[in-house]
Ligand SMILES: [Zn+2]
């Protein structure tokens, strides 16, 4: 398998540190707000990567952190060491404790991941539970001369790490040009970043340390938790492209300075998701959460399909037209699976049964090439089209249908779609339900209610859905 490594800026053949095993660290959510669809994309891709590695017989261990302290408001414009703590700020605004805020949004995060069938990581370490590990690394960095303390604050001295900038291209030389930084008065160099900050009196989340009662910087959390659970050097570290700088650049600097080892072999970054061609922003009203997608009548699985329909290294442009397309395609996949499970037996010979392995090969080739999910999906669509043709011509028998179904099930271990099994509803019942729908469309509720009772008498219940759709269930 080849994956694009942000570090080398090229596709590289994937070779794990230990044969057959893969360690993967995913930069998880800062739990001060709901995760949006852009975040979801950044969690869905590592999920598909994990599923494909497992499909390819690797044993994967995934760690996804929960940042519940230390992520400061200004991290997008500076080094993340000025401004307020995101969680503490929200807690003050909502008159809740930081733990209540973190707990609520952590829960929301897990539920949203579950809705999209993102497999839970093997462990979700919380930053607040790993302060001793962070203190240990900070002390090592001070002892080795990579970090310095002033007025209870500890900073990493970027001039001491020769490789600074190797991930993002933001070397100190490049940074000098046009840098506008909000400087902390205790810093030696503007690009030094905080490892530990002394807490102001009113600060709620604070811990003892050799330097001050304070709290950790955001970057040190990920280094500490990655090392704690996966070791000094790991195979894959993922994040959104906005994590490349300063977050991941800082992680490399502090980790490699502390251990003397390479921190990560493969850095994988997911590009931004745009909405209607623009960056998402609350002020623009184009900031979407899973609930917004569902309110428009789309399911989490359709969102999953929409996200996989674009490559993770290209900017996905989210539009409602994209969701509509995903809905159509998901319907197509669902019907395909349903048909294969209920295929009529035909005596005629097939033309597809012995050739189904070609789809597996094409699918694997697409996924092997830097997780080309849009191409892998096109292989599935091709298989569906050819199968549907054979079904229409009554040329497929149960044995061959099972072969194709097996190929689909193998592929779907990677796609991760949850397809609800359709019930077999007798034609007679469907006919009455359709009649009822017509009455409902004409607002003739008396007649439509009568038909509902008639359906009930026959042992089925009808449930009305959005857009005058309905669901029939066996009683
Ligand atoms: Zn991180």
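Any read-out appearing in this document is the output of simple, stated calculations on the displayed coordinates, not a laboratory observation. Quantities reported herein were computed from a predicted structural model and do not represent experimental measurements. Note that each Cβ is placed from the backbone with ideal geometry, even for glycine, and that neighbours are counted across all protein chains shown.
Assorted remarks:
- When the stretch 2-270 is reduced to its Cα atoms, the Kirkwood hydrodynamic radius in Å: 18.9 Å
- C-alpha long axis of helix 320-341 to longest principal axis of the chain, angle in °: 50 degrees
- DSSP beta bridges fully contained in the chain are about 50 percent antiparallel.
- Degrees between helix 249-259 axis and first principal axis of the chain (Cα, 0 to 90, nearest 10): 60 degrees
- Prolate/oblate/rounded label for the stretch 2-42 (Cα gyration tensor, a/c 1.5): prolate
- In nm, spacing of pseudo-spin labels at residue 320 and residue 17 (7 Å Cα→C-beta vector): 4.9 nm
- The shape of the stretch 223-365 comes out oblate: with a ≥ b ≥ c from the C-alpha gyration tensor, a/c is at least 1.5 while a/b does not beat b/c.
- Length-normalised contact order for the chain - Cα pairs under 8 Å, 6+ apart - percent: 15 percent
- In degrees, nearest ten, helix 357-368 long axis to first principal axis of the chain (Cα): 20 degrees
- Most to least packed among 331-340, 232-241, 197-206 [average Cβ atoms within 10 Å]: 232-241, 331-340, 197-206
- Rg and Dmax, both from the Cα atoms of the chain and both in Å, are 26.6, 85.
- Using distinct alpha-carbon pairs, which all enter the 1/r mean, Kirkwood radius of the stretch 252-329 in Å: 14.8 Å
- When only Cα pairs below 8 angstrom with a gap of at least 6 residues are kept, the stretch 2-270 shows a relative contact order of 25 percent.
- Mean separation of Cα contacts under 8 Å (6+ apart) over length of the stretch 278-415, as relative contact order %: 28 percent
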